[in-house]
Structure formats: structure tokens, C-alpha cells
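These notes concern the structure reproduced below.
Readers should treat all values here as calculations from the given coordinates under stated rules, not as data from a laboratory. Note that this is a predicted model, so its numbers are computed, not measured. Every residue, glycine as well, gets a Cβ built from its backbone with ideal geometry; the counts of neighbours run over all protein chains shown.
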Amino acid sequence: MKNIVLVGFMGTGKTMVSKLLSTHLKKQRLCLDDMIEWKVGKPITRIFEEDGEPYFRKMESEVVKTVSHDKNSVIDAGGGVVINENNIRRLKEHGIIICLAARPEVIYERTKADTRRPLLNKPDPVASIRDILDKRKEYYKRADYTIDTSDISPEEVAAKILEIMEHKI
Ligand code: S3P
């Protein structure tokens, strides 16, 4: 069985949807952000602050390498995993890549109470969201499927993914 790999911007629902899918399909769930935190031994905010984003991206790629040999898992990948071509290539080897998307205002509403996302801890977070989304849009297009989660529940998103997977396997 192929991995189901969820990519997409912060706040698009990857964590909740991956949990629903792993429970429903009885597949293991791998969260790349959690794996990076275990590997480095500190939270992502501190990795960004103390070691910088390039170091975080290096750890992210190492974790991708580890999980890309896995099969039959649901993978919750961080929002920036797509910016490295090798990451996408590796994740595609055994996985179907599904990109979750949402409008910038919706992303803002969903992430505003959360201080654990260093890239959004900015004076004008909506502008930052638009800016990063714009820079990443070509990368997110590398996904096999895209689902806009702005106006639907995590359960509905999971149901759409199950439908996609039924036709794929
Ligand atoms: C990031 C997204 C975060 C986390 C890190 C960087 C990004 O993951 O990996 O803060 O570059 O978009 P989530 O998308 O799970 O919040």
C-alpha cells in the first residue's frame, strides 16, 4: 500500500486530517515535525531561533529520507517540505501526495492563536501568509491532488482523500 502524504501550507488541516485517516485506515501516522523535534531534541520554534531555518530544512530532509522507505503510512509533512525538489521526489517514490490548501484569511484564523509557527510570528501575519503562499505556489502544484479545505470540515477532507485512494489502489 502506498503512503498517503499530506503537504500544504500551515493551517490547512494536515494534522487533523492525517489523524482521522490513520485511525480510519489503521495505518501508522508519521508527523515529520514531531520527528524533527525528537531528532534535534527541542521544539521547532527553538530550532528556528537557535539554529536557523537552513538547519531546520536540513533536518527536515533527513527525516524525509528516513520515512520515504516506509510504506503503508499516513505522513503529515510540514508546510515547507515541498520547497526541496529531492523531498518531493523521495516522498513520491512510495506515496500519493495530497496538497491541502486554504484561503489566506482562513489560514490566519486557524493559526492566529498558535505561537509555535515561527514563520507566522510576524507583525502582519496575513501579509506573510500571502507572501509565502505566493512563493510556494509552484511547489505545491507538484502534488498529485489538491483539496481546498477552506469551507469543509476535516472529516469531509478525509472522506475526499479516501475516495481518491479507493481509485488509486
Ligand atoms: C513550516 C511549517 C510547519 C513547520 C515549520 C515550518 C513551513 O509545519 O514545519 O514551522 O515552512 O511552512 P506545519 O505546516 O505542520 O505547521
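Helix-only estimate, please: 222 nm mean residue ellipticity of the chain, summing -39500 (n - 2.57) across DSSP H runs of length 4 or more and dividing by its residues, to the nearest 500. It lands at -15500 deg cm²/dmol. Computed from the Cβ-Cβ distance with R0 of 22 Å, the FRET efficiency linking Glu156 to Asn72 stands at 0.35. Seen from all directions on average, region 1-151 presents a Cα convex hull projection of 8.5 nm². Structure note, pairs Lys92/Lys122; Lys39/Lys160; Lys19/Lys160; Lys65/Lys160: Cα-Cα distances above 26 angstrom occur for Lys92/Lys122; Lys39/Lys160; Lys65/Lys160. The magnitude of the dipole of the chain, with charges of +1 and -1 set on the Cβ of Lys/Arg and Asp/Glu and taken from the Cα centre, is near 420 debye.
Under 13 Å from the 7 Å Cα→Cβ point of Asn84, by amide nitrogen: which residues of region 6-34? Within reach of a label on Asn84: 32-33.
Express in nm, to one decimal, how much length is gained between Phe48 and His24 on full extension, taking 0.36 nm for each residue of separation and deducting their alpha carbon distance. Walk me through the numbers before you get to the answer.
Details: separation 24, 0.36 × 24 = 8.64 nm, distance 3.39 nm.
Gain on stretching Phe48 to His24: 5.3 nm.
The modelled label-to-label distance between Asp34 and Asp144, using points 7 Å beyond Cα along the C-beta direction, is 2.3 nm.
Is region 76-159 rounded, prolate or oblate when judged by the Cα gyration tensor, a ≥ b ≥ c being the square roots of its eigenvalues, rounded requiring a/c under 1.5 and prolate requiring a/b larger than b/c? Since a/c reaches 1.5 but b/c is at least a/b, the shape of region 76-159 is classed as oblate.
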